[in-house]
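**Student:** One structure, as structure tokens, below. Some questions next.
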Amino acid sequence: MPAADELIGVAALKALIATTEKVSPSSQLAQLRRSRDALRPLSLRARSDLLRDALLADLPGSYQDLDAVFRAALDDAAFSGWLIWPVTEAITTKALADGRDSVFDSALNMLAMLTPRLTSEFAIRALLEHDLDRALRTVITWTGSPDASVRRLASEGTRPFLPWAKRVQAILNHPGSTIPILDSLYRDESDFVRRSVANHLNDLSRQQPKLAVATATRWREHSDRNTDWVVRHGLRTLVKKGHPGALALLGFGPAHDIVMDGPTLGRRSVPIGEELPFSATLTNPADSPATLAIDYIVHHLKANGSQTAKVFKLATRTIGPGESITLHRRHSFKLITTRAYYPGEHALELQVNGTPSGRTSFELTRA
């Protein structure tokens with residue numbers, strides 16, 4: 001992913017200033033101009049928050065005044081990209097400070113208008129938290145929008161565990177509240193929207209697995225050519241966890257008869273930054289085909305000496321009676337920002353239809 005300064009950096013700030021000056025020429029935008037030097041050390045969200053606060057300082061007055069500025073800016077094609085994030089945050093902040101229901105509704109409408117320019121999925125969270133029922137009455141209408149970006153906002157903005165976004169406790173407390181949105185969109189014509197629905201269902205499965213499986217079961221009873229993918233992607237975490245209901249819905253029965261040979265490691269010592277090659281052979285001795293969800297688990301060493309497991313997708317295969325398959329994979333230990341690696345004993349393990357098969361140890365060493 002690009003660095004923060006490539007998304008909300010000096011270029012985005014200059015574009016925001018230029019666009020705002022066009023529609024509000026009397027504004028000095030002093031706080032926005034002073035924000036340039038403050039951007040450098042900040043994370044992406046902190047940069048958005050900085051520019052949001054600068055906008056609110058530079059454009060005082062009522063919510064209607066702020067709304068009018070950015071409605072006018074919609075006529076400018078340059079009013080697009082990552083500069084939109086702080087604008088949407090300023091809109092919701094101002095609306096909530098006003099407190100009137102009519103302004104709350106106006107802010108939701110403005111977010112729908114802005115979302116095709118980037119996304120309003122982060123800013124809408126504050127409105128959902130403030131009044132979930134009122135917000136959802138508007139959001140459900142977006143599922144019928146002719147604009148795929150607005151339809152996606154209905155699903156993405158209400159996700160229980162949206163990445164980069166603040167948690168909406170009101171949604172976590174009422175996990176079934178967003179199901180009508182998903183029911184309206186799981187057969188959407190846009191892959192952009194369907195992918196959001198699947199990710200939303202996956203979020204739901206983390207908190208309410210039974211509800212997620214029941215929802216996916218209903219969808220398969222009224223499916224189209226894309227529904228199987230939405231269901232598989234939406235239940236992927238439950239499959240990795242070996243949830244019986246999710247496995248059964250997707251056609252993965254018990255794999256007790258499967259004979260597993262491996263994993264066979266290509267090396268027993270792996271420097272941090274390099275790859276661990278491994279292979280595994282699976283044989284079906286039964287007299288009927290076996291449909292298998294094949295994953296592998298890496299047991300990472302933690303700083304305190306214990307291990308923590310992370311499941312990775314390996315393959316989905318149907319093995320005929322008496323047949324064998326051999327799978328090969330290279331697992332990377334390249335340094336990434338989301339995981340810390342500690343030298344010492346790690347382990348790798350196969351998992352078939354949610355059932356692990358035993359660990360094979362290896363040593364992770366310093367680069």
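The values are calculated or read from the model by the stated rules, or taken from the named source; none is laboratory data. Only a predicted model underlies this, so the values are computations on that prediction, with no experimental measurement involved. Here the Cβ positions follow ideal geometry from the backbone for every residue, glycine too, while neighbour counts run over all protein chains shown.
**Student:** Can we say residue 88 is part of a helix (DSSP H, G or I), of a type outside the set (Asp, Glu) and either closer than 23 Å to residue 194 by Cα or not assigned by TED's automatic domain parsing to the domain that holds residue 23 (or both)? Break it down into steps so the answer makes sense when it comes.
**Tutor:** On the way: part of a helix (DSSP H, G or I): yes; of a type outside the set (Asp, Glu): yes; either closer than 23 Å to residue 194 by Cα or not assigned by TED's automatic domain parsing to the domain that holds residue 23 (or both): no.
When the stated conditions are applied, residue 88 does not pass them.
**Student:** When the stretch 218-259 is examined, which residues are found to be in contact with a strand residue (DSSP E or B) (Cβ under 9 Å, 6 or more places away or on another chain) and assigned to a loop (DSSP other than H, G, I, E, B)?
**Tutor:** The answer is 241, 242, 250, 251, 252, 253, 254, 255, 256, 257, 258.
Every residue, every condition in (1) over 19 Å from residue 195 (Cα atoms); (2) touching a Pro at 6+ places or on another chain (Cβ under 8 Å); (3) without any contact (Cβ under 8 Å) to a residue 12 or more places away in the chain, yes or no:
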residue: 118; (1), (2), (3): no, no, no
residue: 123; (1), (2), (3): yes, no, no
residue: 126; (1), (2), (3): yes, no, no
residue: 147; (1), (2), (3): no, yes, no
residue: 160; (1), (2), (3): no, yes, no
residue: 166; (1), (2), (3): yes, no, no
residue: 172; (1), (2), (3): yes, yes, no
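**Student:** To continue, here is another question. Being of a type in the set (Phe, Trp, Tyr) and either part of a strand (DSSP E or B) or not assigned by TED's automatic domain parsing to the domain that holds residue 292 (or both) is the filter here, so list the residues in the stretch 306-356 that pass it.
**Tutor:** The one that is of a type in the set (Phe, Trp, Tyr) and either part of a strand (DSSP E or B) or not assigned by TED's automatic domain parsing to the domain that holds residue 292 (or both): 312.
**Student:** What helices (runs of 4 or more DSSP H) lie completely within the stretch 7-51 and have 1 or more residues being touching a Pro at 6+ places or on another chain (Cβ under 9 Å), in the same structural domain as residue 80 (by TED's automatic domain parsing) and under 17 Å from residue 91 (Cα atoms)?
**Tutor:** The qualifying helices (runs of 4 or more DSSP H) are 10-23.
**Student:** Please determine, by comparing only the residues of the stretch 44-59 that are touching a Leu at 6+ places or on another chain (Cβ under 9 Å) and charged (D, E, K, R), which one is surrounded by the most Cβ atoms within 10 Å (Cβ to Cβ).
**Tutor:** So the residue we want is 47.
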